[in-house]
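Data first, discussion second: the structure below is written as structure tokens.
The values are calculated or read from the model by the stated rules, or taken from the named source; none is laboratory data. Given the structure is predicted, the values throughout are model-derived calculations rather than measurements. Positions of Cβ are generated from backbone atoms using ideal geometry, with glycine treated the same way; all protein chains shown enter the neighbour counts.
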Amino acid sequence: MLNEKNIKIIKWSSIVLIILGFLIIHFFVPRLISEMRNPVVSLIKRNKNVGFDVSSTNASKLNQKEFYFNSFDSLKLSARLTYSSLDSAKATIILLHGIRSNKDHFKELSKFLAEKGFNSVALDSRAHGKSEGSFCSFGVNEKKDVKTLINYLSKHENLNHFGVWGQSLGGAIGLQAMGYDERIKFGIIESAFSDFRTIVNDYFDLHAGFSYVPFSNYLVNRTGQIAEFDSNDAKPIAYCEHVNQPILIVHGNKDERINIKYGRANFSRIPSDKKQFIEVDSANHSNVWKVGGDAYFKRVLAFMNENKSSSI
């Protein structure tokens, strides 16, 4: 039978554990969501997007250059520009990678686009790759970075016909950027979420086996406070309402990380009369390119050619 001393020990131990748990949830867990260079997060194994052999059949050397430009809030961001291998360019495609990836994911795609007559600019999103910053804001600041990149390319490279091609987080950024900057003439959006709050709740359900909306909303609010962005603005579906440009929405129907219903929801809110939805049968979140294969890339290339610069 427990004596009074043991009861006190248990009581105070419980109080300490509760306080410690609250402090971890309040100060540390939200950082796991948005702090890209957090060493604990780097230990977590994540599925990476699976590439597909879209490499150039042309053995000629690519004309490329890496450059830095300053974001609206004075971060130094890194990008790689690959010029068209043809005499002129049909358009310039801004390539936007997924979370905790970087611009090197697009090396083979850049070769493919160059051979087909397109410039491409693979961007290291803030807090990724060689770009500065510590936090991801899930499109809130990144859409402004895309606008600043377009400003830079227009001024320093004399480019003026832009498209975006984004995957997962990059797709969500692409949607927000298209609704934010009309200079983006078309977009290919793969496996994108529709609302930051909703997807955080879904991820808890997927990885922890349970979800509780008030708890996940609390973490989302804390993430915004720590990373200094408006978490309510991380909502691609709201920006879809302003997308009047031609757009491809692409999603695998076996995606467990971001359900295809979010791709369909985004698609339904887009007013553009030149929108298409591609459901990639049997593809999950990471292998849309591989499962879609040559047929998928031919369809995307046809879409880009339909929306190339009229001055070509």
Answer yes if at least one residue in segment 137-154 is among the hydroxyl-bearing types (S, T, Y), crowded, with 24+ Cβ neighbours inside 10 Å and out of contact with any strand residue (DSSP E or B) (no Cβ under 7 Å at 6 or more places or on another chain), and no otherwise. yes
Restricted to segment 144-167 and to residues being out of contact with any His (no Cβ under 9 Å at 6 or more places or on another chain) and among the polar types (S, T, N, Q), the residue farthest from H251 (Cα to Cα) is N158
Does S310 qualify as being part of a loop (DSSP other than H, G, I, E, B), free of Cβ contacts under 8 Å to residues at least 60 places away in the same chain and under 22 Å from A89 (Cα atoms)? yes
Given the conditions (1) under 17 Å from the mean Cα position of the chain (by Cα); (2) surrounded by fewer than 20 Cβ atoms within 10 Å (Cβ to Cβ), which single one is not true for K254? (1)
If we ask which residues in segment 183-228 are touching a residue at least 60 places away in the same chain (Cβ under 8 Å) and within 30 Å of H161 (Cβ to Cβ), their number turns out to be 11
Qualifying residues in segment 192-213 (those that are of a type outside the set (V, I, T) and at pLDDT 90 or above) - the one farthest from I249 (Cα to Cα): N201
Subset of segment 298-307 [crowded, with 17+ Cβ neighbours inside 10 Å and not in a loop (DSSP other than H, G, I, E, B)]: V300, F303, M304
Please enumerate the residues belonging to segment 176-214 that are over 26 Å from G292 (Cβ atoms), in contact with a helix residue (DSSP H, G or I) (Cβ under 8 Å, 6 or more places away or on another chain) and of a type outside the set (A, V, I, L, M, F, W, C). Y180, D181, R183, R197, N201, S211, Y212
Lone qualifier among L77, L123, L113 - being within 19 Å of V300 (Cα to Cα) and crowded, with 20+ Cβ neighbours inside 10 Å: L113
